[in-house]
Amino acid sequence: MPCPPITVKGAHELKIGILAVQGDFAAHAAMLAGMGVQTAEMRTVEDLEGCDGLILPGGESTTQLQFLQEEGLFDAVKKFAADGGGIFGTCAGAILLATEVKNPAQASLGLLDMTVLRNAYGRQLASDVFFGSSKLTDVPMEMVFIRAPVIDRIGAGVEVLAEYDGKPVLVRKDNIMAATFHPELTQDGTVHSRFLELIEASPRRSASVAR
């Protein structure tokens, strides 16, 4: 059954950009809209302006990486993160955020200290739903895996928010959060709520509100 709507203080004042190249960006937008959050499809550097947060959705990481590089968004996203903007990557987005990508190796934004193995689950998690433990809720969290990557290593200071089968599947450090599953394909807004809280608590957001 659908979970009750989750409200985050100040959420209606936030604007979240969503990389809209391929993948499930519309599902992220629908989830956030249900929480009263304004979203914007991001395809250019200008689209990122005025956003409080950014979501890098699932899809094909190599395609998204090429798009970011060709449109000048690669450096813009790195600057956005350095300035304290909140970024949440799911599945392919998590691959883009990692400092090290293997199986096979590829370039990345390098914003979250972790090693990610692409397609590591193989057909085992080709398209399945599981429930795992998390720090976000007392009950097992629904996790939709689609050709999911594996977080094989996390660096110092990276917090594990959820696990499945002994591996981290939801992690964060400061203003960056990554999931190897697809919370936007469930009826549970818990993960997105945590992302919004992360943004609201950031010094960048506090400075913006003060102006």
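The values are calculated or read from the model by the stated rules, or taken from the named source; none is laboratory data. Note that the structure is a prediction, hence the values are computed from the model and not measured. We place every Cβ from the backbone using ideal geometry, glycine too, and count neighbours over all the protein chains shown. The accessibility values were calculated without ligands, DNA or RNA, using every heavy atom of the protein model including side chains. Shrake-Rupley method; radii C 1.70, N 1.55, O 1.52, S 1.80 Å.
What the table shows:
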{"quantity": "Per residue solvent-accessible surface (Å²) - the chain, probe of 1.4 Å", "calculated": "45"}
{"quantity": "Rounded percent of accessible protein surface that carbon and sulfur make up, the chain, 1.4 Å probe", "calculated": "50"}
{"quantity": "Segments 166-172, 193-199 sorted - mean Cβ within 10 Å per residue, highest first", "calculated": "193-199, 166-172"}
{"quantity": "(1) 23, 21, 16; (2) 48, 16, 14; (3) 31, 19, 15, with the label sought being that of the calculated semi-axes √(5λ) of the Cα gyration tensor in Å", "calculated": "(1)"}
